[in-house]
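Each remark here refers to the structure printed beneath this line.
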Amino acid sequence: MTRIDHIGIATKDIEKASNFWIQVGLEAGSDHINEEQDVKIRMFYGRDKEGKKTHSKVELIEALSESSPIAKFIDKKGVGIQQLAVSVDDIDLLISNLIKAGVRMINSEATIGAGGHRIAFVHPESTGGVLVELVERIN
């Protein structure tokens, strides 16, 4: 792990939820549809005093149907923080090492997430109750 990448927030209405993050000064990126997860994603970025994007990011996630994992999450736990994402250098190696160590993975192989980055999820059972997303950024 190199750093916390972003915090994912499940929302019923991405437009309405965006207002707060814009008001506190974060900049909205483009929307991304993840068909595999059946969600719309909007990433928000911080900026430093010189106007450069910072590593601080908030991700809003809206279900596109009732069968989406996010819709199920909201039904069970309500809107709010859904996952903590961490940046990693070599996602394949980390997944392999975690599985060997007995960590329960949701994804045993990386998939493609928003922005074309490689992602995988660690089951909350192995992390003390938090869904952890591993992100290998492809730039």
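In the set ALA110, ALA114, ALA71, which member is closer than 16 Å to ILE41 by Cβ, modelled with pLDDT of 95 or more and of a type in the set (Gly, Ala, Ser)?
ALA71
Looking only at residues in the range 83-111 that are touching a residue at least 12 places away in the same chain (Cβ under 8 Å) and among the β-branched types (Val, Ile, Thr), which one is surrounded by the fewest Cβ atoms within 10 Å (Cβ to Cβ)?
Across the range 83-111, the extreme among qualifying residues is THR111.
Does PHE44 fit the bill of being more than 22 Å from ASN139 (Cα to Cα) and either surrounded by 13 or more Cβ atoms within 10 Å (Cβ to Cβ) or in contact (Cβ under 8 Å) with a residue 12 or more places away in the chain (or both)?
No; evaluated as a whole, the condition is false for this residue.
Out of the residues in the range 11-32 that are in contact with a strand residue (DSSP E or B) (Cβ under 6 Å, 6 or more places away or on another chain) and within 20 Å of ARG118 (Cα to Cα), which is surrounded by the fewest Cβ atoms within 10 Å (Cβ to Cβ)?
If we take residues in the range 11-32 being in contact with a strand residue (DSSP E or B) (Cβ under 6 Å, 6 or more places away or on another chain) and within 20 Å of ARG118 (Cα to Cα), then ASP31 is surrounded by the fewest Cβ atoms within 10 Å (Cβ to Cβ).
If SER68 passes every condition in (1) free of Cβ contacts under 8 Å to residues at least 40 places away in the same chain; (2) over 14 Å from GLU136 (Cα atoms); (3) touching a Leu at 6+ places or on another chain (Cβ under 9 Å); (4) not acidic (Asp, Glu) but one, which one does it miss?
The single condition SER68 does not satisfy is (3).
The values are calculated or read from the model by the stated rules, or taken from the named source; none is laboratory data. Being a predicted model, the structure only gives us computed values, none of them experimental. Quick reminder, even Gly has a Cβ in these numbers, built from the backbone with ideal geometry, and neighbours come from all protein chains shown.
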